[in-house]
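Below: one structure, written as structure tokens.
The values are calculated or read from the model by the stated rules, or taken from the named source; none is laboratory data. Predicted model only: the values in this text are computed from it and were never measured. Neighbour counts are summed over all protein chains in view; Cβ atoms, including those assigned to glycine, are modelled from backbone coordinates with ideal geometry.
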Amino acid sequence: MLDILEGDYLVTENFACWSAEIVPVADIDRYQIIDDPDDQLGWQKTALLQAALRENVTLPPIVLAHSTPDDRGRYGLLDGRHRFNAAHLESVPLIRAWVAHIGCCGGPAADHPAQS
Ligand SMILES: [Zn+2]
């Protein structure tokens with residue numbers, strides 16, 4: 001997560017428009033899906049959140065950055081990796097998120113952030 005925060009998004013963060021949205025889990029950066037069998041803490045946290053989802057506990061929104069669609073998805077993940085993984089593993093279709101729109105605030109070119 002930190003490498004993302006320190007990357008392109010941080011530079012443009014001040015220019016982002018934020019909105020609360022319901023986002024398809026399948027559209028979120030799939031490179032953020034935990035696949036490391038040695039990440040025991042990650043799996044433990046995710047398992048707890050999966051249990052919460054099964055009990056219909058409302059989890060805090062995750063934090064995403066809307067970006068140009070590619071093979072990773074339409075949304076970069078800024079915060080909430082374990083909540084995202086829990087939703088993915090539980091096959092939850094939609095997740096609540098704060099979404100940063102960088103250079104595409106309500107404009108018609110929402111999937112083509114301006115390179116200003
Ligand atoms: Zn946008």
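Every listed requirement among (1) hydrophobic (A, V, I, L, M, F, W, C); (2) at pLDDT 85 or above; (3) within 14 Å of the ligand (Cβ to nearest atom) is met by residue 114 save one, (2).
Selection of first residues in the range 16-28 that are at pLDDT 90 or above and of second residues that are among the basic types (Lys, Arg), restricted to Cβ pairs under 7 Å at least 6 apart or on distinct chains, gives the following pairs, ordered by first then second residue: 22/96; 27/74.
Among the residues of the range 21-42, those that are surrounded by 17 or more Cβ atoms within 10 Å (Cβ to Cβ) and not in a loop (DSSP other than H, G, I, E, B) comprise 23, 25, 28, 32. Pairs are defined by a Cβ separation below 9 Å, a sequence spacing of at least 6 or placement on different chains, a first member in the range 55-77 that is over 12 Å from residue 28 (Cα atoms) and in contact (Cβ under 8 Å) with a residue 12 or more places away in the chain, and a second member that is among the polar types (S, T, N, Q) and surrounded by fewer than 16 Cβ atoms within 10 Å (Cβ to Cβ); no pair meets this definition.
For the range 41-49, the criterion of a residue being at pLDDT 90 or above, touching a Ser or Thr at 6+ places or on another chain (Cβ under 9 Å) and more than 16 Å from the ligand (Cβ to nearest atom) is satisfied by no position.
If the condition is being in contact with a strand residue (DSSP E or B) (Cβ under 6 Å, 6 or more places away or on another chain) and part of a helix (DSSP H, G or I), then the range 67-92 contributes 83, 84, 87.
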